[in-house]
Amino acid sequence: MYGEGSVGCICGNKGKRQGIHSFWALDETKGTEISMSRLTEKTVAYQDYKYVMQDTGNIYLGAKFTYEEIMDREDVSFKMKAVMEHYVLKDIAVGTSLESHFFYMKPKEFAARTYEQLKVKVKVSELKTGKRAEEKRKATYTDKVYKICDFLELSEEEKRQKGMMIQEISISKLALMTFSV
């Protein structure tokens, strides 16, 4: 019907611009058409956790960033990049995401000690279930902020049991300013 990787648009109202647009793509593996809105939902959700924000006291980094992407960003300060390059990236691959690095980081690692000096806090979503049977079915996620030392005390198994998803890393600007490179 259409070539591999085909993308098309079906417009409502007989092709007029104000019509409803429905985008589709051909799924090469199954030979079926899929909605572009479903294709981009996962990408958009993933991109939601790739951000850099600042306030007067902290720098906030979305947890889906890889270290390589952080190093390429113009809105990340030179000093932050220098600290990461000299102290953090010596032990890990540049393509590692903040989320996976923090999830598997051990307290004795040099990167962990560096992040402790930077007074890093980790914002996570934890799965909360009730004690009664009807509350267990209504599991919800709650946000919690851990100091890096408290977060690193949790084992990987405890993090998995709590259903933790790392959302954000916050770095103290004062600690970054006083950090000697």
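Computed quantities for the displayed model
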| quantity | calculated |
| --- | --- |
| Solvent-accessible ranking of 101, 86, largest area first, probe 1.4 Å | 86, 101 |
| ³J(HN,Hα) computed for each position of the stretch 86-102 - Karplus, 6.51 cos²θ - 1.76 cosθ + 1.60, integer Hz, glycine/proline x | 7, 10, 9, 6, 6, 9, 10, 6, 5, x, 6, 7, 4, 4, 6, 5, 5 |
| Efficiency of FRET from Cβ geometry, residue 131 and residue 51, R₀ 35 Å, rounded to 0.05 | 0.45 |
| Accessible area of residue 173 in the full protein assembly, 1.4 Å probe (Å², nearest 10) | 60 Å² |
| Pairwise label distance in nanometres, residue 113 with residue 141, each label 7 Å out on the Cα-Cβ vector | 3.4 nm |
| Where labels lie 7 Å past Cα in the beta-carbon direction, separation of residue 78 and residue 174 in nm | 2.6 nm |
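The values are calculated or read from the model by the stated rules, or taken from the named source; none is laboratory data. Being a predicted model, the structure only gives us computed values, none of them experimental. FYI the Cβ positions are ideal-geometry reconstructions off the backbone, even for glycines, and counts take in every protein chain you see. For accessibility, only protein heavy atoms count, side chains too; no ligands or nucleic acids. Shrake-Rupley method; radii C 1.70, N 1.55, O 1.52, S 1.80 Å.
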